[in-house]
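Undergrad: Have a look at this one.
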């Protein structure tokens, strides 16, 4: 089904769909694509066409967006106000276990985040807890990182049968609520256990 290459809808077709939705008063869009910037040449062509439509939209992207200034400029200029990025983990060994250690560089996250935000694009970060190399400090370290990076976040917990140390959702929720009551905590925190 997915194949080894990106298949893209023709830019003209996408623009027609957006124009149709604009005709019925839809002004906010979420482009649902595993990686909206996967085929950069095609995406840049689409973004240039979107500029004149003056829409506001969100999109799923990868963190390496930060390393393409032209693409960042086109996203911001075409109405992108928020990107969703799966950071997955702040533990290198977990990223290795996920097979994502080649493209995800934790030591570069902060710089990449600031670069994207400098274009006026908000970031909603997704994190997964419960991998083999997480320990009891993972939540506090993650909340500190999220606060320092000024991220909106989404948290997923893998199937509890894969958790080596006990994570009690009520403990995570209590920690979250305590953090939300803090005068310095100003983020949106949504905890969603995996089905």
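Undergrad: Does at least one position in the stretch 138-157 carry a residue that is crowded, with 18+ Cβ neighbours inside 10 Å, at pLDDT 90 or above and not in a helix (DSSP H, G or I)?
TA: No, the stretch 138-157 has no match at all.
Undergrad: Okay, next question. Pick out the one residue from 46, 65, 53 that is in contact (Cβ under 8 Å) with a residue 12 or more places away in the chain, surrounded by 18 or more Cβ atoms within 10 Å (Cβ to Cβ), over 18 Å from residue 109 (Cβ atoms) and in contact with a helix residue (DSSP H, G or I) (Cβ under 8 Å, 6 or more places away or on another chain). So that I can check it myself, show each step before the final result.
TA: Values: 65 fails: over 18 Å from residue 109 (Cβ atoms); 53 fails: surrounded by 18 or more Cβ atoms within 10 Å (Cβ to Cβ).
Matching residue, one of 46, 65, 53: 46.
Undergrad: Let me ask something additional. Only residues that are over 20 Å from the mean Cα position of the chain (by Cα) and surrounded by fewer than 14 Cβ atoms within 10 Å (Cβ to Cβ): list them for the stretch 30-43, please.
TA: 41
Undergrad: Which fully enclosed strands (runs of 3 or more DSSP E) of the stretch 22-109 have 1 or more residues being more than 16 Å from residue 121 (Cα to Cα)?
TA: Output list reads 80-88.
Undergrad: State which residue pairs qualify: first residue touching a residue at least 24 places away in the same chain (Cβ under 8 Å) and inside the stretch 91-113, second residue assigned to a helix (DSSP H, G or I) and loosely packed, with under 15 Cβ neighbours inside 10 Å in any location, beta carbons under 8 Å apart, and separation of 6 or more residues or different chains.
TA: Close Cβ pairs (under 8 Å, with a partner that is assigned to a helix (DSSP H, G or I) and loosely packed, with under 15 Cβ neighbours inside 10 Å) amount to 110/148; 112/67.
Undergrad: Can you find, within the stretch 111-133, the residue that is surrounded by the fewest Cβ atoms within 10 Å (Cβ to Cβ) among those that are touching a strand residue (DSSP E or B) at 6+ places or on another chain (Cβ under 9 Å), in a loop (DSSP other than H, G, I, E, B) and modelled with pLDDT of 90 or more?
TA: Checked the stretch 111-133; the qualifying residue surrounded by the fewest Cβ atoms within 10 Å (Cβ to Cβ) is 120.
Undergrad: While we're here: Among the residues of the stretch 11-29, which ones are more than 16 Å from residue 79 (Cα to Cα) and in contact with a helix residue (DSSP H, G or I) (Cβ under 9 Å, 6 or more places away or on another chain)?
TA: Hits for the stretch 11-29 are 11, 12.
Undergrad: Given the options 27, 16, 9, name the one that is without any contact (Cβ under 8 Å) to a residue 24 or more places away in the chain and either within 23 Å of the chain's Cα centre (by Cα) or closer than 14 Å to residue 85 by Cα (or both).
TA: Exactly one of 27, 16, 9 is without any contact (Cβ under 8 Å) to a residue 24 or more places away in the chain and either within 23 Å of the chain's Cα centre (by Cα) or closer than 14 Å to residue 85 by Cα (or both), namely 9.
The values are calculated or read from the model by the stated rules, or taken from the named source; none is laboratory data. Predicted, not measured: the structure shown is a model, and the values here were computed from it. Positions of Cβ are backbone-derived with ideal geometry, glycine not excepted, and every protein chain shown enters the neighbour counts.
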